[in-house]
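Quick notes on the structure that follows.
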Amino acid sequence: MEKRDCILIVDDEPEIRRLLVDYLTRNQMEAVAARDGREMWQMLERHVVDLVVLDLMLPDTDGLTLCRDLRAKSNLPVLMLTALGEETDRIVGIEMGADDYLVKPFNPRELLARIKSILRRTRALPPNLRPESARCLCFAGWCLDTAERLLTAPDGVVTPLSGGEYRLLHILLDHPNRVLSRDQLTEMIHGREAEAFDRAIDVQVSRLRQRLRDDSREPQLIKTVRGEGYVLAATVQRQAQCA
């Protein structure tokens with residue numbers, strides 16, 4: 001029997017948990033639920049989860065903190081639920097590492113469509129583009145520790161990265177010397193549903209260039225290809241451990 005995708009619903013409202021578990025189960029998915037952050041970690045230990053639907057407002061720990069902690073431990077996709085309609089709150093969620101967001105109240109059919117879209121995106125890279133397992137990615141004297149999410153400069157200075165900075169750099173390092181369009185980067189980082197973040201790629205590239213001390217007027221590492229997108233102009237070495 002084909003394995004069903006397992007979705008973890010983290011929400012403190014019992015009615016929402018029941019509704020979503022029932023709806024996803026009827027649509028050929030396995031669904032489990034948790035009411036807070038403590039139960040979320042317990043469910044992740046008990047089940048092989050494919051995606052987390054995470055409410056922003058929880059009684060013990062806010063969803064943004066949980067999303068950040070999830071990103072520090074794994075690449076598990078996260079769909080953020082929020083009752084807040086402000087664009088700033090959605091941007092913070094994406095920066096913390098959420099793959100997409102959905103504002104309450106929402107239609108369960110839309111939630112299901114977004115879940116399927118995120119799962120397709122995370123599994124979309126062809127075999128020759130899938131990154132090899134490696135903790136440390138080294139390029140042009142820089143090293144990215146993918147376990148700790150720390151960027152080490154050639155002079156040894158260590159800098160922690162935000163969720164958005166880390167994910168963008170990791171994508172570029174997975175595809176060195178390959179031009180990636182803004183649409184491709186948006187698709188891999190935010191999802192096409194995140195229409196409001198089309199310009200966020202340019203902002204994130206600018207911030208990442210600052211982290212890499214890359215002159216924005218004449219960048220040497222993350223280069224702009226006019227009319228096409230961005231390219232990481234460097235050779236990447238993959239190592240099991242960071243020195």
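The values are calculated or read from the model by the stated rules, or taken from the named source; none is laboratory data. The shown structure was predicted, so the numbers you read here are calculated from the model rather than taken from an experiment. Using ideal geometry, Cβ is built from the backbone for each residue, glycine included, and neighbour counts are taken over all protein chains shown. For accessibility, only protein heavy atoms count, side chains too; no ligands or nucleic acids. Shrake-Rupley method; radii C 1.70, N 1.55, O 1.52, S 1.80 Å.
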(request) For segment 191-214, enumerate the residues that are at pLDDT 85 or above and part of a loop (DSSP other than H, G, I, E, B). (result) Leu212, Arg213, Asp214
(request) Identify all residues within segment 34-57 that are part of a loop (DSSP other than H, G, I, E, B) and buried (at least 22 other Cβ atoms within 10 Å of the Cβ); write none if there are none. (result) Leu56
(message) Restricting to segment 220-243, and then to whatever is aliphatic (A, V, I, L, M) and in a loop (DSSP other than H, G, I, E, B), can you tell me which residue is most open to solvent (accessible area, probe 1.4 Å)?
(response) Ala243
(message) Need pairs with beta-carbon distance below 7 Å; first residue of a type in the set (A, V, I, L, M, F, W, C) and within segment 51-74, second surrounded by fewer than 13 Cβ atoms within 10 Å (Cβ to Cβ); sequence gap 6+ or separate chains.
(response) Met57/Ala83
(message) Exactly one of these conditions fails for Arg217: (1) modelled with pLDDT of 90 or more; (2) open to solvent by 40 Å² or more (accessible area, probe 1.4 Å); (3) not small (Gly, Ala, Ser). Give me its number.
(response) (1)
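Would you mind finding the one in Asn75, Asn107 that is at pLDDT 90 or above and farther than 10 Å from Leu56 by Cβ? I'd like the intermediate steps shown before the answer.
Numbers: Asn75 fails: at pLDDT 90 or above.
Selected residue: Asn107, the only one of Asn75, Asn107 that is at pLDDT 90 or above and farther than 10 Å from Leu56 by Cβ.
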(request) Could you tell me whether any residue of segment 151-169 is hydroxyl-bearing (Ser, Thr, Tyr) and modelled with pLDDT of 90 or more? (result) yes
